[in-house]
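The values are calculated or read from the model by the stated rules, or taken from the named source; none is laboratory data. Just so we're clear, the structure is a prediction, and the values are computed from it rather than from any experiment. Here the Cβ positions follow ideal geometry from the backbone for every residue, glycine too, while neighbour counts run over all protein chains shown. Surface accessibility is based on the protein's heavy atoms, side chains included, excluding ligands, DNA and RNA. Shrake-Rupley method; radii C 1.70, N 1.55, O 1.52, S 1.80 Å.
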Amino acid sequence: GFQLEANLDEISEIRHQTQWNGFRLENQSQNRVVQFTPIGVVISSVKTYESWDTFHREALRLWTIFQQIAEPTTINQLGVRYINQIFLEQGENSSTYLKILPDHDFGLSLNKQSFFYQESYTIPNYPYSVNLVYTEQSKNEERFLILDIDVFISEIIDLEESKLINHLNQIRWLKNKIFFNSITDTAFKKFGGTNGNFK
């Protein structure tokens, strides 16, 4: 915005302030979204996810652009959030894909329509926190699961690139550890895993 202030009795002071509120960019295929704000940058891979290496390189490139625009002095929060949507076929239920589920029948014959399960963790001796959400939802007669893993650090980090990369690698390792210990072998195969490896 632009601000101009003046004393109307006698013009003794005129000030102006220019501030940008940010902007959002999408690529043509609309599978990559970048949001630059005055306090940070958010890079999202939507619909399709190529690989960590591709995503990581692009994130660091965009972070460099943000540094040139905003000239930050420190990083106050850094994180990786992984949201996966799994469509449930006829006859499949949440336990087909997820190992840990809230499962209560209350001593009644109930048909579960949906659930929302959330946990938060801190990692002992490390500055990382984790928010984990499992949810099952229905829309237009389709049923699907959402597995949402958010791993982040909320402490001041200096701008040294090697430290930033080290934190990103540790965050990714934590995210993967939680993800692969949350899903069943059926889910692992559905996501392209074979012989103990994942593409």
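So, in the range 56-94, exactly how many residues are of a type in the set (Ser, Thr, Tyr) and either surrounded by 13 or more Cβ atoms within 10 Å (Cβ to Cβ) or assigned to a helix (DSSP H, G or I) (or both)? I'd like the intermediate steps shown before the answer.
Step one: filter the range 56-94 for residues of a type in the set (Ser, Thr, Tyr), giving 64, 73-74, 82, 94.
Next, only the ones that are either surrounded by 13 or more Cβ atoms within 10 Å (Cβ to Cβ) or assigned to a helix (DSSP H, G or I) (or both) stay: 64, 82, 94.
Number satisfying all stated conditions: 3.
If you go through the range 125-137 one residue at a time, do you hit one that is part of a loop (DSSP other than H, G, I, E, B), modelled with pLDDT under 85 and surrounded by fewer than 16 Cβ atoms within 10 Å (Cβ to Cβ)?
Here is the first cut: in the range 125-137, the residues part of a loop (DSSP other than H, G, I, E, B) are 125-127.
Cutting the leftovers down to modelled with pLDDT under 85 gives us none.
There is no residue in the range 125-137 that is part of a loop (DSSP other than H, G, I, E, B), modelled with pLDDT under 85 and surrounded by fewer than 16 Cβ atoms within 10 Å (Cβ to Cβ).
Restricting the search to the range 9-55, which residues are open to solvent by 100 Å² or more (accessible area, probe 1.4 Å), at pLDDT 75 or above and of a type in the set (A, V, I, L, M, F, W, C)?
ILE39, the sole residue that qualifies.
Answer yes or no as to whether GLU155 is more than 20 Å from ILE83 (Cβ to Cβ) and touching a Pro at 6+ places or on another chain (Cβ under 8 Å).
Details: more than 20 Å from ILE83 (Cβ to Cβ): yes; touching a Pro at 6+ places or on another chain (Cβ under 8 Å): yes.
When the stated conditions are applied, GLU155 passes them.
Would the range 181-189 turn up any residue that is hydrophobic (A, V, I, L, M, F, W, C), open to solvent by less than 80 Å² (accessible area, probe 1.4 Å) and part of a helix (DSSP H, G or I)? Let's see the steps before the verdict.
Of the residues in the range 181-189, the ones hydrophobic (A, V, I, L, M, F, W, C) are 183, 187-188.
Add one more test, that the residue is open to solvent by less than 80 Å² (accessible area, probe 1.4 Å), and what stays is 183, 187-188.
From what's left, part of a helix (DSSP H, G or I): 187-188.
Yes; the residues of the range 181-189 include at least one that is hydrophobic (A, V, I, L, M, F, W, C), open to solvent by less than 80 Å² (accessible area, probe 1.4 Å) and part of a helix (DSSP H, G or I).
Would you mention how many residues in the range 35-55 are in a strand (DSSP E or B), more than 17 Å from PHE191 (Cβ to Cβ) and of a type outside the set (A, V, I, L, M)? Walk me through how you get there before you give the answer.
Residues of the range 35-55 that are in a strand (DSSP E or B), as a first pass: 35-37, 40-45.
From the residues that got through so far, the ones that are more than 17 Å from PHE191 (Cβ to Cβ) too are 35-37, 40-44.
Within this subset, residues satisfying the condition of being of a type outside the set (A, V, I, L, M) are 35-37, 40, 44.
Total satisfying the criteria: 5.
When only residues in the range 100-113 that are surrounded by fewer than 13 Cβ atoms within 10 Å (Cβ to Cβ) and either within 32 Å of the chain's Cα centre (by Cα) or among the hydrophobic types (A, V, I, L, M, F, W, C) (or both) count, which is modelled with the highest pLDDT?
Step one: of the range 100-113, the residues surrounded by fewer than 13 Cβ atoms within 10 Å (Cβ to Cβ) are 102-111, 113.
Next, from what is left, pick out any that are either within 32 Å of the chain's Cα centre (by Cα) or among the hydrophobic types (A, V, I, L, M, F, W, C) (or both): 102-104, 106, 108, 110-111, 113.
Working: PRO102: 67, ASP103: 68, HIS104: 67, PHE106: 75, LEU108: 78, LEU110: 70, ASN111: 69, GLN113: 70.
Among those residues, the one meeting the criterion is LEU108.
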